[in-house]
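A quick write-up on the structure given underneath.
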Amino acid sequence: MKKESVDFEKTSVAGQVSYSFSPSITENIALLKQILNNDDMVVYRYLKEQGSRHPQYCIVFADTLSSEKIINDKIIRPIMENLMGKNIKKNKLLNYLRNKVIACRDVKKVADISTVVHSILYGDTVVLVEGFSKALVINTKEWVTRAITEPESERITRGPREGFTESIKVNMSLLERKIVNPDLKFKYMELGSITKTKICVCYIEGIASKKILQELMIRLNKIDQEGILDSRYIQDLIQDSPLSMFSTIGDTERPDVVAAKLIEGRVAVICDGSPSVLTLPYLFFEYFQANEDYYNNYVFASMNRLLRILAFFLTTSIPAVYLAIVTFHQELLPTPLMLSIAAARKDVPFPTIVELIIMLLVFEVMREAGVRLPLSVGMAISIVGALVLGEAAVAAKIISAPMVIVTAFTGISAFLIFKMKGALIVVRTFYLIMAAFLGLYGYMLSVMVLVVYLISMRSFGVPYMMNASLMDIQNIQDTAVKAPIWLINKRPKFALRRAGAKSFAKK
């Protein structure tokens, strides 16, 4: 996409080219008005000395982004009470205004026009003074933000109920409350040539890998986009294997999850305007981990993880295995079961592969409808649609009764690992196609292809299946099963461990 931008440093004012602010406040106001042309959100407040034709001071701010109370009480009133009609040395006026008049915590002198314009559009207030080619930029941001609530997609029965919001400041404060440590570092960046979106890279110094940090900064600095509106934009632009159906960068809306991953040595990326925070590196077995595992007994948590892993195999394999056995390997089934399936399929006009495609497609349509519609309507459509359509399809002999059971098991198993839904659909389809041509041999071949593919993947240089080895006690203690918290005393191998440091992380 072709990019168009305004060069603020070479803006024409009254037929002349101005490279920076001039000492004339009239010219400076004209320059800002030309750059911010047709923007009714920007307000200009002029303050004149008695008997003067031209303003001595001009306060510029964005009406919907700045705090009216701060502007009135901390800027305009102090200027009128302390400067208007007072004899202040001309060359010291700007410093006097900054240090002794304006009662705000963050006041900067800025000469760059593009910085001033960006500050106004970001909620700051700018004060122009006659006779000075610099402006004062004052932090007066006041945005309406959503309340801190529990994330809808990551609900739990035990543990913290806080969730990230769309405000980068609020999200950073939530992390600082979890990790009260001077080693917790925050680095600001701006992405998007038009949106100028603020992002923040978070990590714990001395724990996070310097190589991963350097690689992340290199990838972030290479981003060349006009707009960054959500953390997903960044995720797609910096992740390894961008065409892969498996994610190599995690995302979550829970501060406790991000805090735990930072303690383990990972790095987080917060994007202003998005409640989803990115964490990296992200490994395959993190799909099966839930933060609630660390708030429950380790036996119960391990059972839940094994159920999620089992659900992964069921939702991807049941359709392919059923198709392979019914089509190619009927001898593997007991005779009464095979006769029952054959009787159910006697009047069905479609082959098994077509039945499976129809039912899986209908299930995905109902799932998507349930997600997009309001909660009460979506639940009704999901339940009624499954019952009515399934019963009607069997009665009309369009599909067989065993196919309804297969589809139900496949769909319900997918809900246990909802974050992997896109990858599950791709893997399930791949298994199904291979089984349709080669039976169980095709299914087993496709499983081997998937394993080799996962082993070949990397997340910021870290092997995607690093914690899948049964021979490595350090990594396996918090993967398929969860060991007791007192036994998890070492960080993952990709983190730089300090002497004697222990991790009691909670994902």
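The values are calculated or read from the model by the stated rules, or taken from the named source; none is laboratory data. Nothing here was measured: the structure is a model prediction, and the numbers come from that model. A quick note on method: Cβ atoms are made from the backbone with ideal geometry, for glycine too, and the neighbour counts reach across all protein chains shown. When the accessible area is computed, the model is the full protein with side chains, heavy atoms only, and any ligands, DNA or RNA have been set aside. Shrake-Rupley method; radii C 1.70, N 1.55, O 1.52, S 1.80 Å.
Filtered by the rule that a residue be more than 10 Å from THR125 (Cβ to Cβ), among the hydroxyl-bearing types (Ser, Thr, Tyr) and part of a loop (DSSP other than H, G, I, E, B), the range 50-95 gives SER52, THR64.
Among the conditions (1) part of a strand (DSSP E or B); (2) closer than 17 Å to ARG266 by Cα; (3) not acidic (Asp, Glu), MET189 misses just one, which is (2). For the range 365-378, state whether one or more residues are under 37 Å from the mean Cα position of the chain (by Cα), of a type in the set (Gly, Ala, Ser) and assigned to a loop (DSSP other than H, G, I, E, B). Checking the range 365-378: not a single residue is under 37 Å from the mean Cα position of the chain (by Cα), of a type in the set (Gly, Ala, Ser) and assigned to a loop (DSSP other than H, G, I, E, B).
Output yes when any residue across the range 44-57 is modelled with pLDDT of 85 or more, within 19 Å of TRP143 (Cβ to Cβ) and either among the aromatic types (Phe, Trp, Tyr) or open to solvent by less than 60 Å² (accessible area, probe 1.4 Å) (or both), and no when none is. No, the range 44-57 contains no residue that is modelled with pLDDT of 85 or more, within 19 Å of TRP143 (Cβ to Cβ) and either among the aromatic types (Phe, Trp, Tyr) or open to solvent by less than 60 Å² (accessible area, probe 1.4 Å) (or both). When the range 60-95 is filtered for residues that are more than 17 Å from VAL129 (Cα to Cα), without any contact (Cβ under 8 Å) to a residue 60 or more places away in the chain and among the polar types (S, T, N, Q), the ones remaining, listed by number, are THR64, ASN72. Cβ separations smaller than 9 Å between residues 6+ apart or across chains give the following pairs from the range 124-137 residues that are closer than 18 Å to MET41 by Cβ and open to solvent by 10 Å² or more (accessible area, probe 1.4 Å) to residues that are assigned to a loop (DSSP other than H, G, I, E, B) and aliphatic (A, V, I, L, M): ASP124/LEU65.
Among the residues of the range 276-292, count how many are of a type in the set (A, V, I, L, M) and open to solvent by 20 Å² or more (accessible area, probe 1.4 Å).
Filtering the range 276-292 for residues of a type in the set (A, V, I, L, M) gives 277-278, 280, 283, 290.
Restricting the remaining residues to those that are open to solvent by 20 Å² or more (accessible area, probe 1.4 Å) gives 290.
Total satisfying the criteria: 1.
When each of ARG98, ARG105 is tested for being outside any helix (DSSP H, G or I) and either among the basic types (Lys, Arg) or under 18 Å from GLU130 (Cα atoms) (or both), the lone residue that passes is ARG105. Here GLN330 fulfils each of the conditions (1) in contact (Cβ under 8 Å) with a residue 60 or more places away in the chain; (2) farther than 24 Å from PRO463 by Cα; (3) open to solvent by 20 Å² or more (accessible area, probe 1.4 Å) apart from (1). For the range 305-315, the criterion of a residue being closer than 24 Å to ILE433 by Cβ, in a helix (DSSP H, G or I), open to solvent by less than 20 Å² (accessible area, probe 1.4 Å) and among the hydroxyl-bearing types (Ser, Thr, Tyr) is satisfied by at least one position.
Quick one: would you say TYR46 is farther than 30 Å from THR197 by Cβ and assigned to a strand (DSSP E or B)? Judged against the criteria, TYR46 is a match.
Given the criteria open to solvent by less than 80 Å² (accessible area, probe 1.4 Å), assigned to a loop (DSSP other than H, G, I, E, B) and touching a residue at least 60 places away in the same chain (Cβ under 8 Å), does GLY163 qualify? Taking the combined requirement at face value, the residue satisfies it.
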